[in-house]
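The values are calculated or read from the model by the stated rules, or taken from the named source; none is laboratory data. Just so it is clear, the structure is predicted and the values come from calculations on it, not from any experiment. Every residue, glycine as well, gets a Cβ built from its backbone with ideal geometry; the counts of neighbours run over all protein chains shown. The area values use the complete protein model at the heavy-atom level, side chains included, leaving out ligands, DNA and RNA. Shrake-Rupley method; radii C 1.70, N 1.55, O 1.52, S 1.80 Å.
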Amino acid sequence: MRIRKRILIYFVSAVTVLAALSLTTVFVLFSEYREEEFQQRQRAKIILTINLISQYKEQSENLSKTMDELSINDFFDEKLLIYDGQKSLIFSSIDDLSINDPEAILNSLSPETIWLETKEDDYDVIGTYYEKDGNSFYGISKAYDEYGISKLEFLKNTLGIIFLGILVTVVLISYFLAQKLARPITQLSEDIKHFNFNASQNQLLKLPPSGLVEIDQLYQSFNILLKRTNESMAFQKHAVQHISHELKTPISILVSELERLKENVNDDLLADQLAQLANKAKFLGEIIHSLLQISKVEAGQELDVSEVRIDELLFELVEDFRMIAPEFTFDFQLDFPGEELNEDRLKVMANPVLLKQAFQNLLSNCLAYSNNETASIQISCDSEKELSISFSNPGESLSSQEQGLLFDHFFRGKNSQGKVGFGLGLVLTKKIIKLSGGYIQYLTQYPLENTFIVRMPLR
């Protein structure tokens with residue numbers, strides 16, 4: 001998830017929850033206040049009625065009814081009941097509204113329990129005990145707070161509109177802030193993406209005027225890392241070039257001396273051994289030359305490519321390996337189903353030296369890991385755009401876990417125990433195949449077979 005989206009989601013969520021909780025709290029508090037205030041008004045009317053009844057005993061009934069008629073509009077849809085100390089009804093308002101089970105409310109009131117409140121649908125019902133001039137009275141009131149409910153509904157709609165307004169405002173502000181905060185990081189990402197690592201080693205990222213200390217520190221830290229990386233890469237490239245260049249001449253001299261000695265000896269066995277040593281020295285020279293070519297490509301130079309016939313290159317390598325291991329057998333196959341052999345479909349554009357080195361590494365693997373001194377090479381072309389070369393040998397193969405590490409530097413599987421090597425051959429092979437525009441994959445019929453398939457684009 002992009003950082004701007006994360007900032008937007010987090011900020012909007014936090015403010016939205018906070019606003020919702022705040023507005024809900026306001027609504028709940030007002031609702032409770034409305035109920036409490038209305039119930040107190042009901043109690044005040046009960047007390048006023050009791051006072052009038054107590055003060056004007058003879059005229060109490062007519063006076064109370066007159067007061068009831070005058071105050072009938074005080075509450076919407078109200079029923080008021082007044083009882084004396086013996087809980088006998090002495091006054092009932094003229095409303096037709098009924099109270100569900102007033103006896104239960106009356107029986108719950110006493111000098112110790114002077115207040116009771118409950119709800120009947122949307123109506124507020126209260127019961128109260130009151131003493132006047134030594135006399136005890138009980139009052140029960142049931143009423144509907146029309147104006148309070150109306151105000152509560154208005155408040156709910158108002159708070160809803162305020163919430164939507166806050167939500168829209170927060171989303172817009174959050175989007176603006178997210179864009180502003182993420183812009184320096186996005187710019188850093190773009191600068192890294194378009195950074196030219198093949199340019200001068202002293203090239204660094206330009207620090208934009210972001211005004212943010214963290215972003216400035218991030219740019220500075222990346223430039224420090226970039227400087228160290230450039231220095232390391234420069235040392236590596238130059239070291240490979242220097243070492244390859246310095247070794248190239250003595251290897252050539254060694255090959256020449258071995259071939260000269262072979263011509264001057266009369267012992268056939270010794271001459272054959274010298275020839276094998278000369279071939280091994282040539283292989284070493286070709287490896288050094290391959291490393292030199294790769295280091296030049298990584299330094300920014302273009303790779304020299306030419307037309308290469310895959311079958312001829314492999315025939316040449318097989319002949320070289322027969323001199324090194326005459327007892328080993330390579331089964332060579334050409335597979336072009338449904339058509340006659342077309343030589344043009346055996347040609348690819350690649351660097352001959354590098355491609356030879358890559359195939360040589362794969363053949364060396366066949367030689368090292370075969371369990372019966374045999375291997376097969378198959379060239380097939382079932383596509384007009386791609387040529388497939390497979391190298392297979394019977395023998396202990398890699399587990400699924402090891403296959404994921406096969407092309408990593410210095411990795412060697414369990415089947416390599418007791419065999420000479422450094423775990424670099426396949427890394428170099430994959431690099432060469434990739435430079436040639438192709439790719440390589442490993443297949444196996446675990447645990448008895450190893451197969452490498454190289455696919456290369458036709459010229």
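Modelled with pLDDT under 75, open to solvent by 80 Å² or more (accessible area, probe 1.4 Å) and assigned to a helix (DSSP H, G or I): does that describe LYS282? Don't jump to the end; show me each part of the working.
Working: modelled with pLDDT under 75: yes; open to solvent by 80 Å² or more (accessible area, probe 1.4 Å): yes; assigned to a helix (DSSP H, G or I): yes.
Yes.
Going residue by residue through segment 114-129, is there one that turns out to be among the polar types (S, T, N, Q) and touching a residue at least 40 places away in the same chain (Cβ under 8 Å)? Spell out the reasoning first.
Start the filter on segment 114-129 by keeping residues that are among the polar types (S, T, N, Q), which leaves 118, 128.
Now narrow it down to the ones that are touching a residue at least 40 places away in the same chain (Cβ under 8 Å): 128.
Scanning segment 114-129 turns up at least one residue that is among the polar types (S, T, N, Q) and touching a residue at least 40 places away in the same chain (Cβ under 8 Å).
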Open item on the list: Just the residues that are of a type in the set (Asp, Glu) and open to solvent by 50 Å² or more (accessible area, probe 1.4 Å), please, taken from segment 110-157.
Closed with: GLU112, GLU117, ASP121, ASP122, GLU131, ASP133, GLU146, GLU153
Task: Test: residue in segment 141-155 that is of a type outside the set (D, E, K, R) and closer than 23 Å to GLN86 by Cα - done: yes
TODO: With the condition kept exactly as written, say whether any residue in segment 158-176 is out of contact with any Phe, Trp or Tyr (no Cβ under 9 Å at 6 or more places or on another chain), open to solvent by 50 Å² or more (accessible area, probe 1.4 Å), modelled with pLDDT of 90 or more and not hydrophobic (A, V, I, L, M, F, W, C).
DONE: yes
Task: Flag if ILE53 is under 18 Å from LYS142 (Cα atoms), at pLDDT below 85 and of a type outside the set (Asp, Glu) - done: no
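For the subset of segment 327-346 comprising residues that are part of a loop (DSSP other than H, G, I, E, B) and either at pLDDT 85 or above or touching a Gly at 6+ places or on another chain (Cβ under 6 Å) (or both), which member is surrounded by the fewest Cβ atoms within 10 Å (Cβ to Cβ)?
Per the stated criteria, the residue is GLU327.
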Task: Condition met for ASP124 (in contact with an Asp or Glu (Cβ under 8 Å, 6 or more places away or on another chain) and at pLDDT 90 or above) - done: yes
Task: Subset of segment 72-109 (residues that are open to solvent by less than 30 Å² (accessible area, probe 1.4 Å) and of a type in the set (Asp, Glu)) - done: GLU78, ASP95
TODO: Would you tally the residues in segment 16-57 being touching a residue at least 40 places away in the same chain (Cβ under 8 Å), of a type in the set (A, V, I, L, M, F, W, C) and open to solvent by 40 Å² or more (accessible area, probe 1.4 Å)?
DONE: 3
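Scan segment 114-151 residue by residue and report those that are among the polar types (S, T, N, Q) and either more than 19 Å from SER88 (Cβ to Cβ) or in contact with a strand residue (DSSP E or B) (Cβ under 6 Å, 6 or more places away or on another chain) (or both). Let's see the steps before the verdict.
Narrowing segment 114-151 to residues among the polar types (S, T, N, Q): 118, 128, 135-136, 141, 150.
Answer for segment 114-151, where residues must be among the polar types (S, T, N, Q) and either more than 19 Å from SER88 (Cβ to Cβ) or in contact with a strand residue (DSSP E or B) (Cβ under 6 Å, 6 or more places away or on another chain) (or both): THR118, THR128, SER141, SER150.
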